[in-house]
Amino acid sequence: MTTQCPVCGFAFARRRKDQAYCSPNCRKAKYQRQKRVQTPANSSHSHSKRQDNELLFDRSKRLAEMYYTTAPASRLGVLKDFIDQARSGHSGLRQILTNKMLLKPPRQKKQLFYCNSPKSYKTISQLANRYCWRFWKHSVKCVVYGKAPEPKTGEVICSSHGHLITA
């Protein structure tokens with residue numbers, strides 16, 4: 001007799017009368033989902049998740065400090081370097097630049113902002129997102145994960161000589 005797995009939808013033949021799932025992985029996944037409904041894996045329920053988030057937010061503030069203490073004429077270069085590193089696979093930087101809390105932080109969470117001042121400063125994620133929209137016409141998440149096409153640089157290669165010409 002075949003039955004359908006409630007987790008993945010796969011049709012399988014039962015080996016026992018009480019077998020409800022096609023594999024141990026599906027059985028464990030169902031249990032994990034039920035467990036997460038009762039106690040979500042977030043900062044308010046998990047000490048380790050709270051520590052991870054504190055570390056992430058601390059790193060983001062240090063990156064924002066690097067940005068804001070750089071001369072204004074060089075700040076776009078700093079953002080470009082951060083984005084290039086994230087695009088090349090730096091997972092910690094990817095995580096910071098695409099974090100939902102850092103992209104849309106509540107004003108009352110002053111600890112997320114450089115100098116604890118949401119009125120005067122943006123988070124590094126917000127700055128990177130603004131940079132990506134300006135130069136890539138896509139969100140920071142699309143750019144960092146390689147889903148956005150490369151922006152046009154204005155450079156073209158001359159077909160007759162193979163030289164690089166800037167427009």
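The values are calculated or read from the model by the stated rules, or taken from the named source; none is laboratory data. Just so you know, these numbers come straight off a predicted model, no measurement behind them. Cβ atoms come from the backbone with ideal geometry, glycine included; neighbour counts cover every protein chain shown. SASA here: full protein model, heavy atoms, side chains in, ligands and nucleic acids out. Shrake-Rupley method; radii C 1.70, N 1.55, O 1.52, S 1.80 Å.
Working ranking of peptides 93-100, 105-112, 12-19 by packing, defined as the average number of other Cβ atoms within 10 Å per residue, highest first, is 93-100, 105-112, 12-19. Tell me which aspartates and glutamates have Cα within less than 20 Å of Lys147's Cα, excluding those fewer than 8 residues away on the same chain? Of all the aspartates and glutamates, those that pass the test against Lys147 - Cα under 20 Å, at least 8 places apart if same chain - are Asp81, Asp84. Computed on protein heavy atoms with a 1.4 Å probe, the accessible areas place Phe82, Phe135, Phe10 in the order Phe10, Phe135, Phe82, largest first. Given +1 at the Cβ of Lys and Arg, -1 at the Cβ of Asp and Glu and no other charges, the dipole of the chain around its Cα centre is 1040 debye to the nearest 20. Quick one: Cα centre-to-centre distance for region 98-115 and region 25-77, in angstrom? Here the answer is 12 Å between Cα centres.
As a test of the formula, what do you get for the chain when each DSSP H run with n ≥ 4 contributes -39,500 (n - 2.57) and the sum is divided by the residue count, at 222 nm and rounded to the nearest 500 deg cm²/dmol? Roughly -14000 deg cm²/dmol at 222 nm, from the helical runs in the chain. Here the relative contact order of region 1-154, from alpha carbon pairs under 8 Å that lie six or more residues apart, stands at 15 percent.
Taking the Cα centre of region 1-79 as origin and assigning +1 to Lys and Arg Cβ atoms and -1 to Asp and Glu Cβ atoms, the resulting dipole is close to 620 debye.
Only lysines eight or more places from Lys110 in sequence, or on another chain, were considered; those with a Cα closer than 24 Å are Lys49, Lys61, Lys100, Lys119, Lys122, Lys141.
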